[in-house]
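Shown next, in structure tokens, is the structure this report addresses.
The values are calculated or read from the model by the stated rules, or taken from the named source; none is laboratory data. Because the structure is a prediction, the values reported are computed rather than measured. Here the Cβ is made from the backbone with ideal geometry for all residues, glycine too, and neighbour counts use every protein chain on show.
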Number of protein chains: 2
Amino acid sequence: MEFHDPPRFPRGFRCAATLCGLKKEGYDLSLFASEVPATAAAVFTRNQVPGAPIIVGRELIRAGRLQAVVVNSKVSNVGTGEEGVRRARAMGAAAAQALGIDESLVLMSSTGVIGVPLPVEKIEVALPALAESLQEDPMVGARGIMTTDTHPKALSVSAGAATITVVAKGSGMIEPNMATMLAYVFTDAEVEASALDRILRDVVDDTFNMLSVDTDTSTSDTCAVLANGLAGPVDEEVFTAALREVCVAMTETMARDGEGAHAMVRVTVTGAENGGEARVVAKSLVNSPLVKTMVFGGDPNVGRILMAVGKCFACRVDPGRIGASICGIPVLDRGVRTSFDEAAVRELLEGDPVDITVDLGLGGGSARAWGCDLTPGYIEENAAYYSS
Amino acid sequence: MEFHDPPRFPRGFRCAATLCGLKKEGYDLSLFASEVPATAAAVFTRNQVPGAPIIVGRELIRAGRLQAVVVNSKVSNVGTGEEGVRRARAMGAAAAQALGIDESLVLMSSTGVIGVPLPVEKIEVALPALAESLQEDPMVGARGIMTTDTHPKALSVSAGAATITVVAKGSGMIEPNMATMLAYVFTDAEVEASALDRILRDVVDDTFNMLSVDTDTSTSDTCAVLANGLAGPVDEEVFTAALREVCVAMTETMARDGEGAHAMVRVTVTGAENGGEARVVAKSLVNSPLVKTMVFGGDPNVGRILMAVGKCFACRVDPGRIGASICGIPVLDRGVRTSFDEAAVRELLEGDPVDITVDLGLGGGSARAWGCDLTPGYIEENAAYYSS
């Protein structure tokens, strides 16, 4: 499977972006719309202080039907109480009115600073013109949803006669449950809503949910899929495989653009007691500040891999069976550091991606997780985020 | 209760430190000894890839009796297999021989790089002279156990007629279970071994185990207590209160000296469903990179407090009841940002300590956790640690 270059929308989908005044420059509002209603599914953050759009989105998605998504950046509309919920609904209603569709068909998302009121009137004023300017390039919509992302993110791939396009943002506050990120999947495949929900959860579980930039779970995470059916039915296996591939690629794109990141870190764990424990160990490695700084420093302080495995208290671990490699070079064997070529590993740590594989030598459980190195850039970004 | 200034040892305890050649400069080997055998208790890391000294130490402590502790820095003797265990025992035996006591009475610890062999022969050569140079200042012993600590750490306090002295190191790889740290408690109080074990676990649980610098649990964490009885029995409540106070103070000393830290962050959670949930929420805040960078940036991006509470998936959280304050200034009320004085909070965030209190408004559970801000210094330190 190859990704379309440049990415393109499936039949019937268009988008637009504008600067409505939440930010000082760039884009801060995007609208995505299908020309016909689509079946839809979505997963949201597990954070217990969810944003107002999450509260409204969970209600909306029950019907399994959407036609548009409206997203603003800069202000997340989280920690804003009842008034926040009212403004989220007003944002959706304004988009629906501008598009001439029912407001139950518009999902809204907000991303940005937590705890400040959403200036929804700026969004309401901007929406009629935005709905008039819908066009074919998904990268335009990707621009309006960026926060600390260094570039807009859209990918598309074929799935039989259909196309699957993912438009996403995500750079920090990423420990998906769902990921601290927004991802919208558009397809012209015809997929029934309950199947779409099942497929989405299955794919997200192994892709976006295995991405972590900083262990902080956002209050706004959303991944929604809209299937407008204009390309007719697609074999479920073909559709699922294509969706998985494009979501893996988007996960890697986000990992590589993690706040301040200089490299994507991809951790593959095998030989775990079971799949669940493999996931825990893989996440422990991508989340360990000492593993992340080892990668940034290009310094093969590989004992930190043992530490990060050993701190998975609830998993079965036998130190004498742990093996590990960095970009294919074995660095640990039966729990002991090998006499590897340090210069070679140093060079590989400076490349991208940095692949760390760990074999626990116990059973058949395996998993993969994605993250990035930890650099002064992450701190600069987040120490100054609110004021900027 | 006041701490002794300078700190001093209880009756019968002495220590010495030297440079035996593991490091290039400074001190890398410390010996602590009592003139008579002491009752003893210890808690060790929960990391499942424990260092060789932990494996041996768990055996030794079963007898509830110790007379000396020998500690090297620079090399942790972790991930070194059976040979590592042999070298840990050799290190203890060499110290026992130098002191003329049984080797079952010597606890050994090693801290430093993981996964490289311990040059134990350098330690063996140095021990006779070290045992000859025992002296009265606990700060001397504190110097030999430092890794990335910026200063040696010892504190002492009176407990009735007895003295309690804690000598510790700890700067990074700190998420105590036990803490990524070494702490040795010396007292001349007479305390029976089983009571000592119970009191130590109780106090450590609320002090060192509530400290986190970076979520990474060391493979070498050790907290041991030696009570040589030379001051006779002390009322248990008095002893426990004094031990708690000195351990809180040492926890704060270590938090403040967290790698790269510019300030100690102290999080107090009240109103949780129960004490266990309060601990989880308090730890979530001290461990959140986005809360830590908010403190470093001096930027009152207080919505991140909501995020860090909300990602405690297994705890009861009601967003509409969450209140929070920073250094006494209320910043969140019933889940919504208050209209606080931003300039005042900015100024407080630049001070030390930074006290964050969160009230969940649900029940009677409370807890306190300690950590520090996240700065570029942490990354510099850990990106270059192994090579340095």
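Flag not set for A:Cys247, criterion: in a loop (DSSP other than H, G, I, E, B) and either in contact with a helix residue (DSSP H, G or I) (Cβ under 6 Å, 6 or more places away or on another chain) or facing chain B (nearest Cβ under 7 Å) (or both). Tell me, please, whether a residue that is in contact with a Leu (Cβ under 9 Å, 6 or more places away or on another chain), in contact (Cβ under 8 Å) with a residue 60 or more places away in the chain and of a type in the set (Val, Ile, Thr) can be found in region B:79-93. Checked region B:79-93: no residue is in contact with a Leu (Cβ under 9 Å, 6 or more places away or on another chain), in contact (Cβ under 8 Å) with a residue 60 or more places away in the chain and of a type in the set (Val, Ile, Thr). Among the residues making up region B:263-300, a single one is farther than 27 Å from B:Lys169 by Cβ, facing chain A (nearest Cβ under 10 Å) and touching a strand residue (DSSP E or B) at 6+ places or on another chain (Cβ under 7 Å): B:Pro300. Per the conditions (1) within 14 Å of chain B (Cβ to nearest Cβ); (2) within 21 Å of A:Pro7 (Cα to Cα), the sole criterion not satisfied by A:Gly260 is (2). Total residues in region B:362-381 satisfying the condition of being out of contact with any His (no Cβ under 6 Å at 6 or more places or on another chain), within 13 Å of chain A (Cβ to nearest Cβ) and in a loop (DSSP other than H, G, I, E, B): the figure is 2. Taken as a whole, the structure leaves B:Gly79 outside the set of residues that are in the same structural domain as B:Leu182 (by TED's automatic domain parsing) and farther than 27 Å from A:Gly323 by Cβ. Of the residues B:Arg46, B:Arg8, B:Arg14, the single one that is closer than 26 Å to B:Ala129 by Cα and assigned to a loop (DSSP other than H, G, I, E, B) is B:Arg8. The set of residues in region A:289-308 being of a type in the set (Val, Ile, Thr) and outside any helix (DSSP H, G or I) consists of A:Val302 alone.
Among the residues of region A:70-90, those that are of a type in the set (A, V, I, L, M, F, W, C) and either within 19 Å of A:Ala183 (Cα to Cα) or within 13 Å of chain B (Cβ to nearest Cβ) (or both) comprise A:Val70, A:Val71, A:Val75, A:Val78, A:Val85, A:Ala88. Only one of the numbered conditions (1) in contact with a strand residue (DSSP E or B) (Cβ under 8 Å, 6 or more places away or on another chain); (2) surrounded by fewer than 24 Cβ atoms within 10 Å (Cβ to Cβ) is violated by A:Ala314, and that is (1).
Working only within region A:266-288, note down all residues that are within 19 Å of A:Asp202 (Cα to Cα) and assigned to a loop (DSSP other than H, G, I, E, B). Matches in region A:266-288: A:Asn274 only. Across region B:184-199, the qualifying residues are those that are surrounded by 23 or more Cβ atoms within 10 Å (Cβ to Cβ) and not aromatic (Phe, Trp, Tyr), and the one among them that is nearest to the chain's Cα centre (by Cα) is B:Val185. Here the condition is being within 14 Å of chain A (Cβ to nearest Cβ) and either at pLDDT 90 or above or not in a helix (DSSP H, G or I) (or both); of B:Met139, B:Met178, B:Met146, B:Met108, it holds for B:Met178 alone. Selection of region B:334-356 for residues being of a type outside the set (Lys, Arg), closer than 11 Å to B:Gly323 by Cβ and surrounded by fewer than 19 Cβ atoms within 10 Å (Cβ to Cβ) yields only B:Thr338. Pairing each residue of region B:317-337 that is assigned by TED's automatic domain parsing to the domain that holds B:Arg279 with any residue that is among the aromatic types (Phe, Trp, Tyr) and part of a loop (DSSP other than H, G, I, E, B), provided the two are 6+ apart or on different chains, yields C-beta distances under 6 Å for B:Ile329/B:Phe340; B:Val331/B:Phe340. The requirement of being crowded, with 24+ Cβ neighbours inside 10 Å, among the β-branched types (Val, Ile, Thr) and in the same structural domain as B:Thr18 (by TED's automatic domain parsing) is fulfilled nowhere in region B:134-141; no residue meets it.
Taking the conditions (1) within 18 Å of A:Ala227 (Cβ to Cβ); (2) within 14 Å of chain B (Cβ to nearest Cβ) in turn, A:Ile101 satisfies each one other than (2). Within the set A:Ser288, A:Ser194, A:Ser212, A:Ser220, the sole residue that is of a type in the set (S, T, N, Q), in the same structural domain as A:Gly160 (by TED's automatic domain parsing) and more than 20 Å from A:Ile145 (Cα to Cα) turns out to be A:Ser194.
Among the residues of region A:142-162, at least one is closer than 16 Å to A:Ile54 by Cβ, touching a residue at least 60 places away in the same chain (Cβ under 8 Å) and not basic (Lys, Arg). Here region A:15-32 is the region considered, the condition is being touching a Leu at 6+ places or on another chain (Cβ under 6 Å) and crowded, with 20+ Cβ neighbours inside 10 Å, and the residue that is nearest to A:Ile123 (Cα to Cα) is A:Cys20. Of the listed requirements (1) touching a residue at least 12 places away in the same chain (Cβ under 8 Å); (2) within 18 Å of A:Gly141 (Cβ to Cβ), A:Leu19 misses just one: (1).
Scanning region A:309-360 for residues that are assigned to a helix (DSSP H, G or I) and at the interface with chain B (Cβ under 10 Å from one of its Cβ atoms) yields A:Val309, A:Gly310, A:Pro319, A:Gly320, A:Glu342, A:Arg346. Looking only at residues of region B:243-283 that are farther than 13 Å from B:Thr357 by Cα and of a type in the set (S, T, N, Q), we find that the one that is surrounded by the most Cβ atoms within 10 Å (Cβ to Cβ) is B:Thr251. With respect to B:Glu121, determine if the residue is in a helix (DSSP H, G or I), without any contact (Cβ under 8 Å) to a residue 12 or more places away in the chain and in the same structural domain as B:Met146 (by TED's automatic domain parsing). Answer is yes for this residue. Residues in region A:305-330 that are within 27 Å of the chain's Cα centre (by Cα) and of a type in the set (Lys, Arg): A:Lys311 alone.
Has region B:61-69 got at least one residue that is within 14 Å of chain A (Cβ to nearest Cβ), at negative phi, without any contact (Cβ under 8 Å) to a residue 60 or more places away in the chain and in a helix (DSSP H, G or I)? Looking for residues that are within 14 Å of chain A (Cβ to nearest Cβ), at negative phi, without any contact (Cβ under 8 Å) to a residue 60 or more places away in the chain and in a helix (DSSP H, G or I), one finds none in region B:61-69, hence no. Looking across region B:84-103, just one residue is in contact with a Pro (Cβ under 7 Å, 6 or more places away or on another chain) and within 24 Å of A:Met307 (Cα to Cα), and that is B:Ala88. Considering A:Ala95, A:Ala33, the condition of being part of a helix (DSSP H, G or I) and at pLDDT 95 or above is satisfied by A:Ala95 alone. Taken over region A:93-113, the criterion of being under 24 Å from the mean Cα position of the chain (by Cα) and closer than 21 Å to A:Ala193 by Cα is satisfied by A:Leu105, A:Val106, A:Leu107, A:Met108, A:Ser109.
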